[in-house]
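Written below as structure tokens is the structure these notes are about.
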Amino acid sequence: MRVLIAHPDFQAGGGAEAYARALARVLRQRGHAVGLIDISGHLPAGGGHWAPVWFRLGKHLGLQRLTLWKYALVCRSLPALSRHYDYVVLSFGEGPKLFCPVLTVAHGPRLFDPSAHVLQFLGSKFPFFRGLYTRFCRLLAGGDVADSRIFVANSRWTAQIIQQCGSALPFVLYPPVRAPAPLPVSSRTQFPLPALSTHGLRSGRDPYGIVVVGRIVPNKRLEDAVTLLGQLRRCGIPAHLKVIGYARSVYADRFLQRYARHPHISLLPNADQATLAEALAKARIGVHMYRGEHFGIAVAEMICAGILPVVHDSGGVRELVTDPGLRFSDMTDLLQKVMAVMRCEDAACAQRSAVLKMTPALQKALRFPCECDHLLQSVGL
């Protein structure tokens, strides 16, 4: 079949983009001719490139951070393009009515719905203006936006939210997770233990090193991780923070500049897989500050690397982090949970890590190609 995958921006560097690229790989492995379209233009399966004028305007009007705007522009071109395909995969959410079957990958409730309960889920600080923006993007997308017959969600939590907002209960296909390659023994560092700690460190992991992995964007709440670092050090704990993430925005530039010379923060923007694997192999604790995370590929990678991640007690990330002692409700609770992990014996940490690695959500995410293959087969792809 000729299959078109539509996405706002394949180069955005987030979990939704990793999901879309993995879908494309599986579809190609199944023998389909896969075309791609995003704000950069249309890449047909047979080669070539096409981008309408409004795509170029969308990229160069200083609106690169407005994901729904970019997706609306993509959706506007889909009715005409879909005539040349047998199937369309909307890898970011619902889109316009098309002339062929549609599979929608939903990362949240209806994107173009300005109703109050949807805006509440999105956590908008300014719901009135967000509603106006959503209505404008709906018109830009063509106005006639509809749910597809087949929905796929990235977690059970997301699926339940989508159903609560009026759509059919979706299939659940967890995002792809790639376990970091183990670091050679010769590369592992043995960290000296300050007097504060009484336990050994046979694992070679730094008990006071905290890692944050993810895009450097406002909703990841990296400033909260910096606040946590300050609280720990005021308690006499020699903690230090390592921030690893995709950094391609004005906010990221400002964040990196602000903490470039901080004595207890290490910054690794746009790190490659080898650098990420090395950093994860040497840390014991990770923190994930995002509220209402749909799944959390970064959290899954931490678990695979043997790190104990402390996450906010909300969203689909709870399907990965089943240990209540690794979920926090507020900053005070976060401080207590992190300190408890720092005091945890190596054997106990290893046991907790082993339990997390066996959660059904993580196991299915690690088997993404197989799980995706079964799903595509069931929907006629």
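Values in this text are rule-based calculations from the coordinates and carry no lab data. This is a predicted model, so every value here is computed, not measured. All Cβ positions, glycine included, derive from the backbone under ideal geometry; neighbour counts span all protein chains shown.
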#### Entry: Relative contact order of the chain, pairs being alpha-carbon contacts under 8 Å that are 6 or more residues apart, as %
14 percent
### Query
Distance in nm between label sites at N270 and V355, each 7 Å beyond Cα in the beta-carbon direction?
4.1 nm
### Query
Between the helical axis of 222-234 and the dominant principal axis of the chain, each derived from Cα atoms, what acute angle in degrees is found, rounded to the nearest 10?
10 degrees
### Query
Quick one: of the DSSP bridges fully inside the chain, what percent are antiparallel, nearest 5?
15 percent
### Query
Which of C75, C100, C344 comes first, and how do the rest follow, when ranked by fewest Cβ neighbours within 10 Å?
C100, C344, C75
### Message
Using the Kirkwood radius over C-alpha pairs as Rh, can you work out the diffusion coefficient of the stretch 336-381 via Stokes-Einstein at 25 °C, viscosity 0.890 mPa s, in µm² per second?
### Response
187 µm²/s
### Query
Non-local amide H neighbours of V105 (under 5 Å, H modeled in plane, Pro and chain starts lacking H): which ones?
L90, S91, F92, G93, V152
### Task
Provide, for the chain, the number of lysine pairs with alpha carbons under 24 Å apart, each pair being eight or more places apart or on different chains.
16
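To the nearest 500 deg cm²/dmol, what mean residue ellipticity at 222 nm is calculated for the chain from DSSP H runs of n ≥ 4 alone, each contributing -39,500 (n - 2.57), summed and divided by the residues?
Value at 222 nm, helices only, nearest 500: -12000 deg cm²/dmol.
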#### Entry: Amide H contacts under 5 Å for A283, placed H, 5+ residues apart
D206
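Working from the pairwise distances between different alpha carbons, so that the mean of 1/r is found and then inverted, what is the chain's Kirkwood radius in Å? Could the numbers behind the result be given before it?
Numbers: mean 1/r = 0.0455 Å⁻¹.
Computed over Cα pairs of the chain, the Kirkwood hydrodynamic radius comes out at 22.0 Å.
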### Query
If you take the charge dipole of the chain about its Cα centre, with +1 on Lys and Arg Cβ and -1 on Asp and Glu Cβ, which of L140, G35, L308 is farthest toward its positive end?
L140
### Derived scalar couplings ³J(HN,Hα) [the stretch 289-295; Karplus, 6.51 cos²θ - 1.76 cosθ + 1.60; whole Hz; x for Gly, Pro]
8, 4, 8, x, 4, 5, 9
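How would you rank H32, H374, going from fewest to most other Cβ atoms within 10 Å of each one's own Cβ? Walk me through the intermediate numbers first.
Working: H32 18, H374 12.
The most exposed by this proxy come first: H374, H32.
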## Note on the structure
Note: the stretch 185-365 at 25 °C, 0.890 mPa s; Kirkwood Rh on alpha carbon pairs; Stokes-Einstein D in µm²/s works out to 150 µm²/s
### Query
Check V34: other-chain or 5+ apart residues with amide H under 5 Å from its amide H, H built from backbone geometry?
V3
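Could you give the size of the charge dipole of the stretch 185-365 about its Cα centre, using +1 on the Cβ of each K and R and -1 on the Cβ of each D and E, expressed in debye and rounded to the nearest 20?
Using only the charged Cβ atoms, the result is roughly 240 debye.
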